[in-house]
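The values are calculated or read from the model by the stated rules, or taken from the named source; none is laboratory data. Worth saying up front: this structure is predicted, and the values here are computed from it rather than measured. Every residue, glycine among them, receives a Cβ derived from its backbone with ideal geometry; neighbour counts consider all protein chains shown. Just the protein is used for accessible areas: all its heavy atoms, side chains included, with ligands, DNA and RNA removed. Shrake-Rupley method; radii C 1.70, N 1.55, O 1.52, S 1.80 Å.
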Amino acid sequence: MAEVKLAAESRTAFGKGAARRIRRENKVPGVVYGHGAEPQHVTVDGHALMMALKTPNVLIDLEIDGKRELVIPKAVDRDPLKGFLVHIDLLAVRRGERVTVELPIHTEGALAPGGNLLEHLLNALPVEAEATHIPESVTVSVAGLDAGHTVHARDIPLPAGVSLAIDGDASVLQVVTTQVEEPGEDDEAAEL
């Protein structure tokens, strides 16, 4: 797992106007939560944060006014049209502490021939892992799976030290057949 170092500043100005001023300076307002402490309001460089967030569940070594804090992203708000970062909530963690995160699910292999489609019932798998050893994703082989086959959460191989945070019987992927509609009399008449 990647650990990224970022610098942050404490902020005391709140509200919509203050947030807009922060964003004009290419910075992102955020809040650090966790461990029963009071929420800490911070400002982080927008570009550096955007680059760090390219890695799912990244561990961030955040330096806030000279004090270091390990955090992971909990909630990221983006502008719906332009995609730039609007706000971030960060969760303070400690080394050795277990946290619940969602891992992206990647598939590999080709389905059995014959018009099969793979349906993702979950795009991310909730797991519990040590904060400093969170995997980036999980990979599932769908090679040769035929229609009607379902991959459950318990069927997905997890790295050592990682456990499921959902019921093992939860359906994650399923293979379905393509639905082709037979041409009716109305369709044939319309073609002539």
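Here the Karplus relation 6.51 cos²θ - 1.76 cosθ + 1.60, evaluated at θ = phi - 60°, turns the backbone of segment 57-70 into coupling constants of 6, 5, 8, 10, 8, 9, 9, 10, 6, x, 9, 9, 9, 7 Hz, with x for every Gly and Pro. Database remark: amide H of Ala165 closer than 5 angstrom to the amide H of Val127, Glu128 (H placed geometrically; neighbours at sequence offset of 5 or more, or on other chains; Pro and chain starts carry no H). Here the Karplus relation 6.51 cos²θ - 1.76 cosθ + 1.60, evaluated at θ = phi - 60°, turns the backbone of segment 98-112 into coupling constants of 8, 10, 9, 9, 10, 9, x, 9, 10, 10, 9, x, 9, 5, 4 Hz, with x for every Gly and Pro. Per-residue 3J(HN,Hα) values for segment 161-170, derived from phi via the Karplus relation 6.51 cos²θ - 1.76 cosθ + 1.60 with θ = phi - 60°, read x, 10, 10, 5, 10, 10, 4, x, 7, 5 Hz in sequence order (x marks Gly and Pro). A 1.4 Å probe run over the protein chains yields, for the chain, 59 Å² of accessible area per residue, whole-number rounding. As a fraction of the 1.4 Å probe accessible area of the chain, surface on carbon and sulfur atoms comes out at 49 percent. Just report the Cα centroid separation between segment 41-57 and segment 120-160, whole Å. Cα centres, segment 41-57 to segment 120-160: 26 Å. The calculated FRET efficiency for the pair Lys16 and Ala37, based on their C-beta separation and a Förster distance of 22 Å, comes to about 0.30. The local environment of Ser141, defined by Cβ-Cβ distances under 12 Å, has a net charge of -2 under the rule Lys, Arg +1 and Asp, Glu -1. A probe of 1.4 angstrom, applied to the heavy atoms of all protein chains, finds Ser141 with accessible area near 70 square angstrom.
Under a 5 Å amide H cut-off, with hydrogens placed 1.01 Å from N, Ala170 pairs with Ala153, Arg154 among residues at least 5 apart or on other chains.
Amide H contacts of Lys27 (H built 1.01 Å from N, in plane; Pro and chain starts excluded): Gly46 sit under 5 Å, all sequence-distant by 5 or more or on other chains.
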